[in-house]
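Accompanying notes for the structure given below.
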Amino acid sequence: MRVESTVFADCFVLYPRVFKDERGYFFESYNHAVFEATTGLKVNFIQDNQSHSQRGTLRGLHFQTGAHQQAKLVRVIQGEVLDVIVDLRRDSPTYGQHLSIVLNDSEQQQLFIPRGFAHGFLALSETVIFAYKCDNYYAKEAEQGLFYNDPALAIDWPVLGEDFIISDKDAHLPYLNQVDPL
């Protein structure tokens, strides 16, 4: 597995070794020992989640607060997304900055997102199956989010020729300056 650092401390892009032949492909999507050895992090993933989205669906930017914060290892099983994270860590020198990365099923890359980040994605392909591991259980009472189009974040969302498909809840999330750092 190849691991690349990002502009954020303890946030990595992981590239698994994919074995392809005339039958298709095979790769190990997660190995706890390899993850720890390559990132230097000890993370205990305890919950897996998966979503299906159609082109133009924007999910996020979501995060959990307090003792319910979650680190995530995200990947695309089918399709392509623009994956976006925003640093909300109180004492981070990169607080309020974001990272955008295209994740897809052809490269099979994964993004490890440490606790203290908001996360979301935009479905770029006709359909997307998106999966992620979490190191903490979901807690509805700790769920919060950021408005995806907050000018302070300056996220360059691609124009897909149609309006985004977004939940009413996500369309009315607060701006960065209305959210307490984590």
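The values are calculated or read from the model by the stated rules, or taken from the named source; none is laboratory data. In this text the structure is predicted, and so the values were computed from the model without any measurement. Glycine gets a Cβ as well: all are built from the backbone with ideal geometry, and neighbour counts include every protein chain shown.
Got a number for residues in region 74-95 being buried (at least 18 other Cβ atoms within 10 Å of the Cβ) and either over 18 Å from S29 (Cβ atoms) or in contact with a helix residue (DSSP H, G or I) (Cβ under 8 Å, 6 or more places away or on another chain) (or both)?
The total comes to 7.
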**Prompt:** Name the pairs: first residue in region 17-33 and at pLDDT below 95, second residue surrounded by 10 or more Cβ atoms within 10 Å (Cβ to Cβ) and in a helix (DSSP H, G or I), Cβ to Cβ under 8 Å, at least 6 apart or on different chains?
**Reply:** E28/V34
**Request:** Kindly provide the set of residues from region 5-36 that are surrounded by 12 or more Cβ atoms within 10 Å (Cβ to Cβ) and not in a loop (DSSP other than H, G, I, E, B), ordered by number.
**Result:** F12, V13, L14, Y15, V34, F35, E36
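Do any strands (runs of 3 or more DSSP E) lying entirely in region 77-143 carry at least 1 residues that are within 23 Å of W157 (Cα to Cα), without any contact (Cβ under 8 Å) to a residue 60 or more places away in the chain and not basic (K, R), and which ones are they?
Working: elements: 80-87, 98-104, 110-113, 117-123, 127-134.
Strands (runs of 3 or more DSSP E) meeting the threshold: 80-87, 98-104, 117-123.
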